[in-house]
Amino acid sequence: MQKKIPQRQCMGCRERRAKRELIRVVRTPEGNVNLDFGGKMNGRGAYLCPNMECLKKAIRSKSLERSLEVEIPEDVYARLQKEMEASHG
């Protein structure tokens, strides 16, 4: 039997994709916001496609902030942007 691939929804484009294709942003139990590349950090997670358009949409609509129920610090958005630029050359 084939193993089920976990799906998550991107907070930018709202499309469902395989969890490992997405970048996880996590709010830790202490209230900090981090990027979680291993997908194992404790806390509430929200996902984004590794795509600048999705990041821009998520920032504009504040969907990450609503999903994580916390204000996202500017440096987290900056790190997300750097990661996306690095992964797309």
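The values are calculated or read from the model by the stated rules, or taken from the named source; none is laboratory data. Since we're looking at a predicted model, the values are computed, not measured. Note that we place each Cβ from the backbone using ideal geometry, even for glycine, and neighbour counts take in every protein chain shown.
Residues checked against (1) surrounded by 13 or more Cβ atoms within 10 Å (Cβ to Cβ); (2) over 15 Å from Met84 (Cβ atoms); (3) touching a helix residue (DSSP H, G or I) at 6+ places or on another chain (Cβ under 6 Å); (4) at pLDDT 95 or above:
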site: Gly38; (1), (2), (3), (4): no, yes, no, no
site: Gly45; (1), (2), (3), (4): yes, yes, no, yes
site: Glu53; (1), (2), (3), (4): no, no, no, yes
site: Ser61; (1), (2), (3), (4): yes, yes, no, yes
site: Val70; (1), (2), (3), (4): yes, yes, no, yes
Check your understanding: Is there any pair linking a residue in the range 37-60 that is of a type in the set (Lys, Arg) to one that is buried (at least 18 other Cβ atoms within 10 Å of the Cβ) and in a strand (DSSP E or B), with Cβ under 7 Å and at least six apart or on different chains, and which?
Key -> Arg44/Val26; Arg44/Arg27
Study note, to complete from the structure: Selection from the range 70-89 of residues closer than 13 Å to Met11 by Cβ and either free of Cβ contacts under 8 Å to residues at least 40 places away in the same chain or not in a helix (DSSP H, G or I) (or both) yields Ile72, Tyr77
